[in-house]
């Protein structure tokens, strides 16, 4: 099973009659050796309802954050069940670890975790319906086929609809999921067909779908003022003035539960002041009257300027921690025909979701009910139960469609704040952050500083590379998502390699942002390798294909949990195809216009980009077009959603490189809205041409892999067009300051 590569699994299926008639199938995969389906860790559970009229309702178990999984996972089940998509209805499942196992969105894991399991869910349902039809028609199961929600006996010309079989099928013995027969992929009629998002019509018509739309009877509205420096607490405030504002029902100080010195949105409740009113506007007006004196933590002295200065000092020293060493780097540098050195950096980034953080909560009779747009409800439930002193069974979470996530909604801070306030006031409370709250209290993509050195031999081959990475953390441990791993490319493809790091303490929370780790590392490594390629005197495409052609160091064994091993032949194929599609080396381009390429292996996806840019005097960099080739396995479940995800990831990257940067001053975030943290405008968005290169591997996710190559492909194209090397982003800062090399 794809979900857990380290353990074989036993399958469980329960059939019962659905309310109102029909068949209800409940599926579960549990670890081999557990006493029954209710003990041990549940890896998967899904529900299929077949009504007498033949309509099939499929529960979508994972959070929908715009990645299309509410459509894709039911498509896989429907394919194997052998029903027409027009006869399928999709419902969002509530959070229930016992029924559904892991319910999360992040890391582009939903498809690889569930591909095989969802197929078996559908196949098991089909098998039960066939077994029921065989008894009704008094023929062997082997003589029956299925199509379009019917079981067919071709020899006699008879058939029975799934709806007609549903009640009897509910009494059929459940099959072993591990032994069900899957369809030949050549016969797929749903998987691989462009399918509209099941929520599309509701989105277009503005129907309430999102967390910010939730409304429950008797609900009040809340705002929450927190210290601009993470970890700060309230010393004093003017609560009496706030309580006198019309519409305000409650106003109180929350001391918070974050242990001193701890950093992160998963460590507890931030201290602050809660205001609860009849309307959100009234709560917001009252919030403006707040006058708070804060107890500030030591990190109130930190700043982006201070980090840059300290990073420059550390870069001159020996790395504090060695990440990887292959061969003899020092000796290789001494014998190299050419040495290339460069320092790169990148900033903190905010997730900047369109829908600010929000949650609605109701605490009554010792039980808590939450409606929330979350990527990781289990994480939120665990922190809420621990912080509020509740039992897990007393917390119910309803997943609501999210207006963007990108990793931000993996953190439970808004859920925790709403729950705490609701418990305090005893009525349903809807907490909605402002845009400024959202941007200044994020868990940011961490910045970083890389100091590279490379050595080429007389033939222009890369024989040595070192990187002193100055990042954030303490006691030898990286801050969340501020890491660089030992397998970071080009590890294993350079005979002499040294990767090391030095860490700076950080009081600002960091966390996963779309393609965490990869989104930053791809920019610096792929840009520096482009420098090396040009220094070698070779075409960058030829240089990279040559680099990928020979693995110099033996591949390490897969990590625990079945971490994938990078396969260079798949990346080379993607590079060749994207170069062909973009006309690399075959098109005559006007002066100031050029192509740049980059590639990256991220979240099991092999993705290569070519960007075409124009650099003209006294004008912003124009990104004319980006070509993308992605190898994410042998099946694209929903081509419509897949193209959408690739294009969205690329345009995210375009926005990042053009103008996005979070800066720290006096321990807090300076930027507070889209005027200072600009999102990509439509006029800036280039066409993105997407091609999928199918391989023999099972399908993997697409929410993230297409972002990492975007920034270096653009930066490399800028160099090819202008001779200016981009070693710091965003571009508006580089070109304005004249800092490009």
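Tallying residues that are in a loop (DSSP other than H, G, I, E, B) and surrounded by 12 or more Cβ atoms within 10 Å (Cβ to Cβ) within the stretch 209-221 yields 4.
Counting only strands (runs of 3 or more DSSP E) that fall entirely inside the stretch 385-487 and contain at least 2 residues that are assigned by TED's automatic domain parsing to the domain that holds residue 218 and surrounded by fewer than 20 Cβ atoms within 10 Å (Cβ to Cβ), the qualifying elements are 395-399.
Of all residues in the stretch 600-623, none are over 25 Å from residue 521 (Cα atoms), in contact with a strand residue (DSSP E or B) (Cβ under 6 Å, 6 or more places away or on another chain) and part of a loop (DSSP other than H, G, I, E, B).
Taking the criterion of being farther than 30 Å from residue 718 by Cα and either modelled with pLDDT of 95 or more or in contact with a strand residue (DSSP E or B) (Cβ under 6 Å, 6 or more places away or on another chain) (or both), the only residue of the stretch 531-562 that qualifies is 553. In summary, residue 547 fulfils each of the numbered conditions (1) over 28 Å from the mean Cα position of the chain (by Cα); (2) more than 25 Å from residue 656 (Cβ to Cβ); (3) in a loop (DSSP other than H, G, I, E, B) with the single exception of condition (3).
Are there any pairs, at least 6 apart or on different chains, whose C-beta atoms fall under 7 Å, with the first in the stretch 176-196 and in the same structural domain as residue 76 (by TED's automatic domain parsing) and assigned to a helix (DSSP H, G or I) and the second surrounded by fewer than 16 Cβ atoms within 10 Å (Cβ to Cβ) and at pLDDT 95 or above, and if so, which? Qualifying pairs under 7 Å: none. State whether the residues of the stretch 158-173 include one that is at pLDDT 95 or above, in a helix (DSSP H, G or I) and either in contact with a helix residue (DSSP H, G or I) (Cβ under 7 Å, 6 or more places away or on another chain) or farther than 22 Å from residue 48 by Cα (or both). No, because not a single residue in the stretch 158-173 is at pLDDT 95 or above, in a helix (DSSP H, G or I) and either in contact with a helix residue (DSSP H, G or I) (Cβ under 7 Å, 6 or more places away or on another chain) or farther than 22 Å from residue 48 by Cα (or both).
Under 20 Å from the mean Cα position of the chain (by Cα), under 17 Å from residue 611 (Cα atoms), modelled with pLDDT of 95 or more and not assigned by TED's automatic domain parsing to the domain that holds residue 68: does that describe residue 679? Spelling it out, it is not the case that residue 679 is under 20 Å from the mean Cα position of the chain (by Cα), under 17 Å from residue 611 (Cα atoms), modelled with pLDDT of 95 or more and not assigned by TED's automatic domain parsing to the domain that holds residue 68. If you go through the stretch 497-504 one residue at a time, do you hit one that is in contact with a helix residue (DSSP H, G or I) (Cβ under 8 Å, 6 or more places away or on another chain), surrounded by fewer than 23 Cβ atoms within 10 Å (Cβ to Cβ) and at pLDDT 95 or above? Yes: one or more hits.
Restricting attention to the stretch 624-653 and to residues that are on the phi < 0 side of the Ramachandran plot and in a loop (DSSP other than H, G, I, E, B), the residue that is surrounded by the fewest Cβ atoms within 10 Å (Cβ to Cβ) turns out to be 634.
Here residue 139 clears all of (1) buried (at least 19 other Cβ atoms within 10 Å of the Cβ); (2) touching a strand residue (DSSP E or B) at 6+ places or on another chain (Cβ under 6 Å); (3) part of a loop (DSSP other than H, G, I, E, B) except the condition numbered (1). Of everything in the stretch 488-537, what is assigned to a strand (DSSP E or B) and more than 19 Å from residue 662 (Cβ to Cβ)? Give them in sequence order. Selection gives 496, 497, 498, 499, 500, 501, 502, 503. Taken together, 711, 693 contain a single residue that is in contact with a strand residue (DSSP E or B) (Cβ under 9 Å, 6 or more places away or on another chain), crowded, with 22+ Cβ neighbours inside 10 Å and within 21 Å of residue 647 (Cβ to Cβ), which is 711. Would you call residue 377 under 19 Å from residue 99 (Cβ atoms) and either within 15 Å of the chain's Cα centre (by Cα) or assigned by TED's automatic domain parsing to the domain that holds residue 512 (or both)? In short, yes.
Read through the list (1) surrounded by 14 or more Cβ atoms within 10 Å (Cβ to Cβ); (2) farther than 30 Å from residue 93 by Cα; (3) out of contact with any helix residue (DSSP H, G or I) (no Cβ under 7 Å at 6 or more places or on another chain), then give the number of the only condition that residue 261 fails. So the condition that residue 261 fails would be (1). Within the stretch 567-589, the set of residues being crowded, with 18+ Cβ neighbours inside 10 Å and either part of a loop (DSSP other than H, G, I, E, B) or free of Cβ contacts under 8 Å to residues at least 12 places away in the same chain (or both) comprises 584 only. Please go through the stretch 71-82 and pick out each residue that is surrounded by 24 or more Cβ atoms within 10 Å (Cβ to Cβ) and either closer than 15 Å to residue 194 by Cα or out of contact with any helix residue (DSSP H, G or I) (no Cβ under 8 Å at 6 or more places or on another chain) (or both). Once the filter is applied, which keeps residues that are surrounded by 24 or more Cβ atoms within 10 Å (Cβ to Cβ) and either closer than 15 Å to residue 194 by Cα or out of contact with any helix residue (DSSP H, G or I) (no Cβ under 8 Å at 6 or more places or on another chain) (or both), the stretch 71-82 yields 72, 73, 74, 75, 76, 78, 79. Taken as a whole, the condition of being touching a helix residue (DSSP H, G or I) at 6+ places or on another chain (Cβ under 8 Å) and more than 30 Å from residue 287 (Cβ to Cβ) does not apply to residue 145. Restricting to the stretch 247-271, name every residue that is within 24 Å of residue 374 (Cα to Cα) and not in a loop (DSSP other than H, G, I, E, B). Once the filter is applied, which keeps residues that are within 24 Å of residue 374 (Cα to Cα) and not in a loop (DSSP other than H, G, I, E, B), the stretch 247-271 yields only 254.
Please work out if residue 494 is within 30 Å of residue 360 (Cα to Cα) and surrounded by 23 or more Cβ atoms within 10 Å (Cβ to Cβ). Criteria not met by residue 494.
Listed here are the residues, each with its yes/no results for (1) farther than 30 Å from residue 295 by Cβ; (2) assigned to a loop (DSSP other than H, G, I, E, B).
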{"position": "655", "(1), (2)": "yes, no"}
{"position": "671", "(1), (2)": "no, yes"}
{"position": "676", "(1), (2)": "no, yes"}
{"position": "698", "(1), (2)": "yes, yes"}
{"position": "702", "(1), (2)": "yes, yes"}
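For the structure I just gave you, tell me whether residue 594 is in a helix (DSSP H, G or I) and either modelled with pLDDT of 95 or more or buried (at least 18 other Cβ atoms within 10 Å of the Cβ) (or both). Criteria not met by residue 594.
The values are calculated or read from the model by the stated rules, or taken from the named source; none is laboratory data. Just so it is clear, the structure is predicted and the values come from calculations on it, not from any experiment. Here the Cβ is made from the backbone with ideal geometry for all residues, glycine too, and neighbour counts use every protein chain on show.
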